[in-house]
Each structure stands twice: as structure tokens, then as C-alpha cells.
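Data first, discussion second: the structure below is written as C-alpha cells.
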Amino acid sequence: METALLISIAGIVLVVAITAFAPKFGVAPPLILVVLGTAISFLPNLPPIEIEPEWILGGLLPPLLFSAAVNIPSMEFRRDLSLISGFSVLLVIVSALVVGVLLTWLIPGLPLALGIAVGAIVSPTDAVATSIVKKAGVSTRMTTVLEGESLLNDATALVLLRSAIAAVGTAVSIWQVGLNFLYAVAIALAVGWLVGRLASAVMARLRQTSSVVALSLVIPFAAHLPTEHLGGSGLVAAVIAGLVIGGRSPRDLSPGTRLAWVAAWKTVELVLESAIFLLMGLELATLVEDVRETHDSVLVAIELGAIAATAVLVVRAGFVAWSLWLLARRERRQAGHREQLELLQERLDRFGEAAPEPRVNRMRTMLNRRLADIDYLAAERFGKREGLILFWAGMRGAVTLAAAQTLPRATEHRSLLILIAFVVAAGTLVIQGATLNPLANRLGLTGQTGSDPAQKTALLGELNRAGLARLDGLRRPDGTPYSEQSLAITRQMLGRTSPDRTPDEEAAVTHADVIALRLAVLGVQREALLDLRDQGSYPSSLLDDMLTQLDADQLGLQLRQPD
């Protein structure tokens, strides 16, 4: 007990030290952790280290994928869902088949089904590894596509892996594999959505912040475990639950609760991500020893791993090029669609009075959203430079290594195949991860996450107008109107495009009536902001920054409220 506790303490201290000092040397912390774990694994007298794959697939990955899904921009995710789906399904299948054929040809006696199983293992990109991409400062659209791919491609890979293993020595049809995949995704969608909605409803009714945060730690496992029991993809269920909660949390949770949520989950992410990368390195010595005991060659495993990694990169390069061509063709078509949508919008404004108001509002929202989608895809167009990052950012990670260890114990060349998977995962992670940031800098794609000042001013103007439109109709909790002085001060604040207050206004925001009115206006502005988010009128990064500003204003006003 004491030994395990000391190891845990030392590990956390090590993670904190590496996280603090790695950026000063321009190196991503995960890369240092993998290298450090590898070095530790070869220390003399160290007992063999072999982590059960269930600990990673069922213990570490569900909360990490859930947290990533909560924070992913939902509007950008929806806009590029077809592209993300192509990367998550088609690319994984093609990569698995290509690697499977290659390994069957290169390893004498290896069944094709087992080769495809290894191909499925090394095909999915890793959601934890894509944290390196986010820290490179590339555009929100690019990180959303890469993160969305890594969140969803596990389902394709694991279903294909199970089907390929089942096909060793037997016959499994393509139709059966397809049905298994559809069943696994359908169960994950149903359970993940249900868990997300139930958890959102419960958390919205909890008043203690600590209770909400504690419940959030259970949600990914509540989605994962029943889904796996029903034969679905537990990882995808955790992702779906995260997407549902991420979309509803600004309406369901108070600013203070969301602030505590972010702080708690940042800590969880730091510990679990670091543990995964460290464990990857720690297992290498054991894998090498297993290969030697089975009389296979470590050098051959390294060579085959390099070939497999090259194969998946070549396939990815072709798929990225094809996707860019499809995107360019779609953008050309959408230019004509925009004119048609604008004509429909004009007709709706002209003749909309004859139709029921709710129906007109729904149609107007749909048209605005569609126009915003076209403008977004045109402004965030993917070209050759972006395509190069999409290609090079396809790193493998812990999912590959954990999936490899699910190969049956009786599998011929099992240790060799697991070591091949490790070479692919560690090799792509270290080589691509170490060069991704310099490549993005060289291509001029970093520093694209800042907000446009003009858009920020326009957004603030819309929120202020929304507050002014509802100002006179706001009432105190007891139903009485606010004082004329409070209305005049608040109206003056909302009449400017700057969020800063004058000294007189700052002094006025100590009066209980003004504070209560300002809090009510902030609630109106938050609703308007969330409506704009649903329409997609502004970039998600700008909307998130403005939501943070509204939350900070609310917390500041609540602290000024008299007891």
C-alpha cells in the first residue's frame, strides 16, 4: 500500500514538473513522458510492467474522451460532420485493409484476417495525442476536425478489430461486419444521449457545486459500462454524453459551477493524459522481452512497424487530398446556394406576416444558420497548407497500444504484433508530435485562435441591443418594477459598445437595485448569446470568450450584493 502511494505521489510530482518546464524548451510534455517512461522501463531489476488493456480502454479513456467532447465546439463539429465521418470510418477501413495486406505479405504464415486486425489497431488517431495539435495554435476548424476524428474513429477500429479476430479460422461476411458496426454505433448513440440528458437534468437541479462536479466524474462511466455490456462502443457513448452535456451546460449550470467544473476536469485531464503517455513508455521493455522469449526479432518488429506507419501515412495523405477536392467542389456549389437562400430570406421578410409567427421564426433561424454555415466554410477554407497539417497531425497513441493487447493470448506472433503496434504509436507520436509545431509555424498557421476585434464589437452590440429590448419589461423577484434611476444607469451602460464602465457607473454598481437589474440583464444577454451560438453567426471561440466575460460580470456582481 505504502509503495503504491509513494509511486503515485512521485508520478504526480514528475508530471507537474514536466508540464511546468517542458514548454520552456519548446517540447510537448507528452513526448517527454513517453521517452522518460521508455528509459525507466529498461532500468535493471525493474519488474515487468504490463497494463491490462481494460484499464486504458475502460478506465482512462472514457473520462478523457468525455471531457474533450464537452469542450469541442458543437457548431463547428456539426458543420464538418461529413468530413469527420469520412476520416472516422472510411479512412480507418482503408488503412486497416492496406496494412493488413502488407503484413500478410511480409510475415510468412500470418492469416489475412489477423493482418487486418493489426491494421485496425494502428489505424485510429488518438484523442489524447491531438492535445498536441490544440497547443500548436492552429485554427478552430482544424482542431475540431482532428479532435472529432479521434473521438469517433475508435468505434470503427474496435468493431473492425473484433470482427477480424472472429474471422481468424472462420468466415465472416462484409455484411456482418457492417451490421456489427451499425449496431455498436446505434447502441452508443442511444445510451450516450440518454445518459447525457438525464445527467444534465439532474445537475440543473443540484445547488451544491461540489455535488455537480462529483456527479460529472461518474457520467463517462455511466455511459461506457452499459453500452459495452449491450455490445456497443462504450467510448463513443462517453463522447455522445459529453456532446449533449457540453451543449446544455451554459443554460443548465451557473457560472460558478461551470468554473469549478473546468478547474476539476483540467486536473483530471492532466493526470490521466500524463499517466497514459508514461504507461506507454513503461511497457516497452516488457514488450521487447516478450518478443525475445517467443524467438521473434525486435529489429524485424521495428522494421515492420516503420512500414506500417508509412502505409497509414500514405493512405492518409491520399484521403486528405481527396477530401480537400470534395470540399472545394462543395464550396463552389454553395456559392450558388447562397444566392437562393438570400432570395428566400427576402421573400420571408416580405410575405412572412401572412404565416404563423413561430413558423416564420423557425424558417428565419434555419436560413440564418445555413447562410452562417456557408460564410464560415468560405472564411475557414482548407487549402494545401491546412491539408498538410491534417495529414501530419494523424498521430497514434494509447488506444493503439491498448487495442493491440486485446489480441488473444493464443495468437501466433502476438508479442511481435503488439511491438509493431507500439512502434507505430510511439513513432508517430514522437516524430510527428515533435515536428508538428515547427511545421505549423513554418506554414504560418499558428496564432489563429484570436478573436477579430470588429466581430467582438458587433457581438457586444447585439447583446446590448437584446438587453435594451427587454430592459423595461424586467421586474424584481417580487414583481415590482426597478427604479427609474437603476433603469437609466443600466440603459447608459448598454448604450455603449465598450464593456468598460465609467467611474460614475462603477460607483453606481454598488446599489442593490442596480446590481439586481444588471444580473437580470446579464441573464437576457446570456440567452441571446446562446441563441446566436445555435445560429452559428459568430466563431465559437469568440462566443466562448464573451460567455466567459458574462460569467465573470455575474460573479463580480454577486459578490457585491449586500447580505
Quiz item: How do the helices (runs of 4 or more DSSP H) wholly within the range 24-86 filter down when requiring 1 or more residues that are in contact with a His (Cβ under 7 Å, 6 or more places away or on another chain): which remain?
Solution: 61-71
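Consider the range 113-145. How many of its residues are part of a loop (DSSP other than H, G, I, E, B) and on the phi < 0 side of the Ramachandran plot? Write out each step before concluding.
Looking only at the range 113-145, we keep the residues that are part of a loop (DSSP other than H, G, I, E, B), and these are 123-130, 136-139.
Cutting the leftovers down to on the phi < 0 side of the Ramachandran plot gives us 123-130, 136, 138-139.
Residues that pass the stated criteria total 11.
Within the range 391-406, can you find the residues that are of a type in the set (Gly, Ala, Ser) and within 13 Å of residue 92 (Cα to Cα)?
Residues of the range 391-406 that are of a type in the set (Gly, Ala, Ser), as a first pass: 393-394, 397-398, 402-404.
Residue satisfying the conditions is 394 alone.
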Quiz item: If you check every pair at least six apart or on different chains, which have Cβ atoms under 7 Å apart with a residue in the range 133-148 that is free of Cβ contacts under 8 Å to residues at least 24 places away in the same chain first and a residue that is in a helix (DSSP H, G or I) and aliphatic (A, V, I, L, M) second?
Solution: 143/133
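Quick check, is residue 110 assigned to a loop (DSSP other than H, G, I, E, B), over 22 Å from the mean Cα position of the chain (by Cα) and buried (at least 17 other Cβ atoms within 10 Å of the Cβ)? I'd like the intermediate steps shown before the answer.
Numbers: assigned to a loop (DSSP other than H, G, I, E, B): yes; over 22 Å from the mean Cα position of the chain (by Cα): yes; buried (at least 17 other Cβ atoms within 10 Å of the Cβ): yes.
Yes; evaluated as a whole, the condition is true for this residue.
Listed here are the residues, each with its yes/no results for (1) under 17 Å from the mean Cα position of the chain (by Cα); (2) of a type in the set (A, V, I, L, M).
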{"site": "214", "(1), (2)": "no, yes"}
{"site": "219", "(1), (2)": "yes, yes"}
{"site": "222", "(1), (2)": "no, yes"}
{"site": "229", "(1), (2)": "no, no"}
{"site": "232", "(1), (2)": "no, no"}
{"site": "237", "(1), (2)": "yes, yes"}
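Out of all the residues in the range 481-494, which are of a type in the set (S, T, N, Q), assigned to a helix (DSSP H, G or I) and open to solvent by less than 60 Å² (accessible area, probe 1.4 Å)?
As a first pass, look at the range 481-494 and keep what is of a type in the set (S, T, N, Q): 483, 485-486, 490, 492.
Checking the rest, the ones that are also assigned to a helix (DSSP H, G or I) come to 485-486, 490, 492.
Result: 486, 490.
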Quiz item: For the range 431-456, which residues satisfy the criterion of being of a type outside the set (S, T, N, Q), part of a helix (DSSP H, G or I) and crowded, with 17+ Cβ neighbours inside 10 Å?
Solution: 433, 436, 439, 440, 456
Quiz prompt | Within the range 291-325, tally of residues that are of a type in the set (A, V, I, L, M, F, W, C), within 28 Å of residue 376 (Cα to Cα) and in contact (Cβ under 8 Å) with a residue 24 or more places away in the chain | solution = 5
Practice problem: Tell me which residues, restricted to the range 83-95, are among the aliphatic types (A, V, I, L, M) and open to solvent by 20 Å² or more (accessible area, probe 1.4 Å). | Solution: 89, 90, 93, 94
Quiz item: Identify, please: which residue in the range 38-82 is surrounded by 17 or more Cβ atoms within 10 Å (Cβ to Cβ), within 15 Å of the chain's Cα centre (by Cα) and of a type in the set (A, V, I, L, M) and is, among those, farthest from residue 532 (Cα to Cα)?
Solution: 61
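Tell me which residues, restricted to the range 17-37, are among the β-branched types (Val, Ile, Thr) and either open to solvent by 30 Å² or more (accessible area, probe 1.4 Å) or under 15 Å from residue 434 (Cα atoms) (or both). So that I can check it myself, show each step before the final result.
Looking only at the range 17-37, we keep the residues that are among the β-branched types (Val, Ile, Thr), and these are 18-19, 27, 32, 34-35.
Listed by number, the residues that qualify are 19, 27, 32, 34, 35.
In the set 260, 275, which member is surrounded by fewer than 18 Cβ atoms within 10 Å (Cβ to Cβ) and within 24 Å of the chain's Cα centre (by Cα)?
Details: 275 fails: surrounded by fewer than 18 Cβ atoms within 10 Å (Cβ to Cβ).
Exactly one residue qualifies, and that residue is 260.
Can you go through 148, 178 and tell me which one is small (Gly, Ala, Ser), closer than 25 Å to residue 401 by Cα and either under 13 Å from the mean Cα position of the chain (by Cα) or outside any helix (DSSP H, G or I) (or both)?
On the way: 178 fails: either under 13 Å from the mean Cα position of the chain (by Cα) or outside any helix (DSSP H, G or I) (or both).
Residue meeting the stated conditions: 148.
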Quiz item: In the range 176-200, which residues are in contact (Cβ under 8 Å) with a residue 40 or more places away in the chain and under 16 Å from residue 252 (Cβ atoms)?
Solution: 193, 195, 196, 197, 199, 200
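Among the residues of the range 457-480, write down those that are among the aliphatic types (A, V, I, L, M) and open to solvent by less than 50 Å² (accessible area, probe 1.4 Å). First the steps, then the outcome.
As a first pass, look at the range 457-480 and keep what is among the aliphatic types (A, V, I, L, M): 458-460, 463, 466, 468-469, 471, 474.
The answer is 458, 459, 460, 463, 466, 471, 474.
The values are calculated or read from the model by the stated rules, or taken from the named source; none is laboratory data. The shown structure was predicted, so the numbers you read here are calculated from the model rather than taken from an experiment. Counting neighbours? That spans all protein chains shown, and the Cβs are built from the backbone with ideal geometry, glycine included. Side chains included, ligands, DNA and RNA excluded: accessible areas come from the protein's heavy atoms. Shrake-Rupley method; radii C 1.70, N 1.55, O 1.52, S 1.80 Å.
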